[in-house]
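Report on one structure; see the data block that follows.
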Amino acid sequence: MKKNILLTLAFSLILISSCATPNIAYFQGVEIGQTTSIDNENEIRFLPEDQLSILVNSKSPEIVASLNLPIMSRQIGSGNSSATSQGLSGYVVNKNGMIDFPVLGEIKIEGLTRCEVEDFIKNELISREIVKDPTVTVGYMNLYVSVLGEVRSPGRYKIDKDKITILEALSLAGDLTVYGKRDRVLVQREVNGQRTLYAINLNDGPSVYKSPVYYLQQNDLIYVEPNDKRAGEATVNGNTIRSASFWISVTSMLTSVTTMIVSLTR
């Protein structure tokens, strides 16, 4: 009888220990004030099927009118609650990495950053004596990263600047839940039709900065795996640690253990 009680108590201790809080601290191994180099300071570069807006301004608006696509208007809602929204038309990079720009014709922008596209168009307009004082602004229109798995708000998030880190993308998704594996966050990246899967350890500060996916690219997919605690919540019959049936079973077991102990001490 005593042996059975000890085995039951051991099982109870294992159950309790399995509910221990996982390691959720970021940037371990980095001292306050420590400087760490970043190996890959990659900026977003345009790829085929990317969509971008290009706006040319000048002191002579009548000259640049033919260089800008028309403003598109669309109606939002219906009836008394309807409204009109306006936005720039966009260029789509074709499979050859080209866009067809007014007056300049086809220009290759695949592999260029936003600033490089702005400088190229500006220099072309000046060198061809089309506009003397152009200001060129390029914007992203359909660039996203996707975040899935154990985060608070999974979804697609728009890229609106030249650099975005994996930490920024995770913060847009509301950060990892306590059930997310911080030592193994997966990033799927597609380059030239080939997909590569990377793993990054958020607990290890130095390795985060050296990861090739610290800076993200458009269409990257981040997946946060569930940790062992989350995986251990599910049982064969579908009960989980949050279910009423699970806690009824635990309560029943502890009551039985207490009853046996009391009976032996009498």
*Please verify whether segment 130-140 includes one or more residues that are more than 30 Å from residue 63 (Cα to Cα), touching a strand residue (DSSP E or B) at 6+ places or on another chain (Cβ under 9 Å) and not in a strand (DSSP E or B).*
no
*Has segment 49-57 got at least one residue that is at pLDDT below 70 and surrounded by fewer than 13 Cβ atoms within 10 Å (Cβ to Cβ)?*
no
*Cross-chain or 6+ apart pairs with Cβ under 6 Å, segment 99-122 first and at pLDDT 95 or above and surrounded by fewer than 16 Cβ atoms within 10 Å (Cβ to Cβ), then of a type in the set (Lys, Arg) and not in a helix (DSSP H, G or I)*: 111/45
*Is segment 92-108 home to any residue that is farther than 16 Å from residue 55 by Cα, in a strand (DSSP E or B) and among the acidic types (Asp, Glu)?*
yes
*In this structure, does residue 152 turn out to be basic (Lys, Arg), surrounded by fewer than 14 Cβ atoms within 10 Å (Cβ to Cβ) and either within 30 Å of residue 68 (Cβ to Cβ) or at pLDDT 95 or above (or both)?*
yes
*Only one residue in 103, 151 is aliphatic (A, V, I, L, M) and in contact with a strand residue (DSSP E or B) (Cβ under 7 Å, 6 or more places away or on another chain), so which one is that?*
151
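The values are calculated or read from the model by the stated rules, or taken from the named source; none is laboratory data. Predicted, not measured: the structure shown is a model, and the values here were computed from it. Note that each Cβ is placed from the backbone with ideal geometry, even for glycine, and that neighbours are counted across all protein chains shown.
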